[in-house]
Amino acid sequence: MTDRPIPPRRPMTLRDVSEASGVSEMTVSRVLRNRGDVSAATREKVLAAASELGYVPNKIAGALASSRVNLVSVIIPSLSNMVFPDVLSGITEVLDETHLQPVVGVTNYRPEREEKVIYEMLSWRPSGVIIAGIEHNEACRRMLRAADVPVVEIMDVDGEPVDSVVGISQRRAGRMMAEAILKQGFERIGFLGTRMPLDHRARKRFEGFTEALARKGLEVVDQEFYEGGSALKKGREMTETILGRMPDLDFLYYSNDMIGAGGLMWCLEQGIDIPGQLGLAGFNGTELLDGFAKRLATMDAGRRETGREAAKIIAARADGSLTEPRRVEIEPKISYGDTLRRYKP
């Protein structure tokens, strides 16, 4: 794990909106609180300036306006995905030792929903924000940059963070898995996963994976994609489809463990020799895999550790013991299980 500082940022204030819109701070306050008699033209000018700056009004009124609530906003894409409860457990484990409490917002992988969740969370002036991913639309980035609270983006360090960042390099994780697969002698590789326009972490892993193959003069032979939540059933269906189309594949790389586990179940039912005839690997290192007759190869992305490190940064920033943003990169670890090592006579 590597930890290094990131340059600080400046919080956005009501005065900034006033100067950008050319109206008084009192008028800006009236517009943002939807109070008082303000012309439509002035209202539009103020709202446009606030949006451009990423300013979010403070919903804590009166004497409390300069204070913070003892809440940490945790913004994640899904509660049904088995990945995020581990992250939340790590966050809670650390915050339980402080005066801070996590409150969760869910975006459902939708940028417009993420924008709304960020706006509402920041308007209550939490003591910090922990948010999954490092890719956000520009409106979200403006609000996060302008917020006078510490922000920790988690689970991906491949990009330019708003403030602090904790997680693995997704591209590196993809490269590591490809190198491990090639080292075992597999060459005809298929990929099975989610459609990736909005799943940036899966996309980066796939980019790192294909880059490592290309260095050896190879490429992914075939691909199969799905939409919706990860599930064992989808993994079974996708595996049957891709092997029906390309029966000479010798390895299947799944974008997550759930569909990989479904694929493993289907292969074992068909009597396929794993890994002699066909190797398999997933991603995430979920505990579910421990209950299978054969353990699916996977990669532990350090989810609980990510949650702990993110919460430590928020807690340290809140009590003043840490004043600078941090970049913490966590080392992904391959578990070979029973489906990646190819035992040759």
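Descriptive notes on the structure:
- Checking Ile181 against (1) open to solvent by 10 Å² or more (accessible area, probe 1.4 Å); (2) assigned to a helix (DSSP H, G or I), the condition it does not meet: (1)
- Any hit, the stretch 224-238, residues being within 17 Å of Arg295 (Cα to Cα), in contact with a strand residue (DSSP E or B) (Cβ under 9 Å, 6 or more places away or on another chain), in a helix (DSSP H, G or I) and open to solvent by less than 50 Å² (accessible area, probe 1.4 Å): yes
- The stretch 255-311: number of residues that are farther than 24 Å from Lys204 by Cβ and either assigned to a loop (DSSP other than H, G, I, E, B) or not aliphatic (A, V, I, L, M) (or both): 19
- Which numbered condition Ile314 misses (of (1) β-branched (Val, Ile, Thr); (2) out of contact with any helix residue (DSSP H, G or I) (no Cβ under 7 Å at 6 or more places or on another chain); (3) outside any helix (DSSP H, G or I)): (3)
- Look at (1) surrounded by 22 or more Cβ atoms within 10 Å (Cβ to Cβ); (2) outside any helix (DSSP H, G or I); (3) not charged (D, E, K, R) and you find that Leu218 fails only one, number (1).
- Here Lys233 meets the list (1) modelled with pLDDT of 95 or more; (2) farther than 24 Å from Pro332 by Cβ; (3) not hydrophobic (A, V, I, L, M, F, W, C) almost entirely, failing just condition (1).
- Looking across the stretch 244-259, the residues that are free of Cβ contacts under 8 Å to residues at least 40 places away in the same chain and either closer than 19 Å to Gly276 by Cβ or of a type in the set (D, E, K, R) (or both) come down to Arg245, Pro247.
- Matching residues, the stretch 295-341, being more than 21 Å from the chain's Cα centre (by Cα), among the polar types (S, T, N, Q) and open to solvent by less than 20 Å² (accessible area, probe 1.4 Å): Thr339
- For the stretch 185-203, the set of residues classified as crowded, with 17+ Cβ neighbours inside 10 Å and either modelled with pLDDT of 95 or more or in a loop (DSSP other than H, G, I, E, B) (or both) consists of Phe186, Ile189, Gly190, Phe191, Leu192, Asp199, listed by residue number.
- Put simply, of Leu53, Leu95, Leu88, Leu64 the only residue that is modelled with pLDDT under 80 and buried (at least 18 other Cβ atoms within 10 Å of the Cβ) is Leu53.
- Ser80 being under 30 Å from Ile259 (Cβ atoms) and either buried (at least 18 other Cβ atoms within 10 Å of the Cβ) or at pLDDT below 95 (or both): yes
- Asp148 vs. criteria open to solvent by 40 Å² or more (accessible area, probe 1.4 Å), modelled with pLDDT under 95 and more than 26 Å from Gly302 (Cβ to Cβ): yes
The values are calculated or read from the model by the stated rules, or taken from the named source; none is laboratory data. Quantities reported herein were computed from a predicted structural model and do not represent experimental measurements. Note that each Cβ is placed from the backbone with ideal geometry, even for glycine, and that neighbours are counted across all protein chains shown. These accessible areas exclude ligands, DNA and RNA; they are computed on the full protein's heavy atoms, side chains included. Shrake-Rupley method; radii C 1.70, N 1.55, O 1.52, S 1.80 Å.
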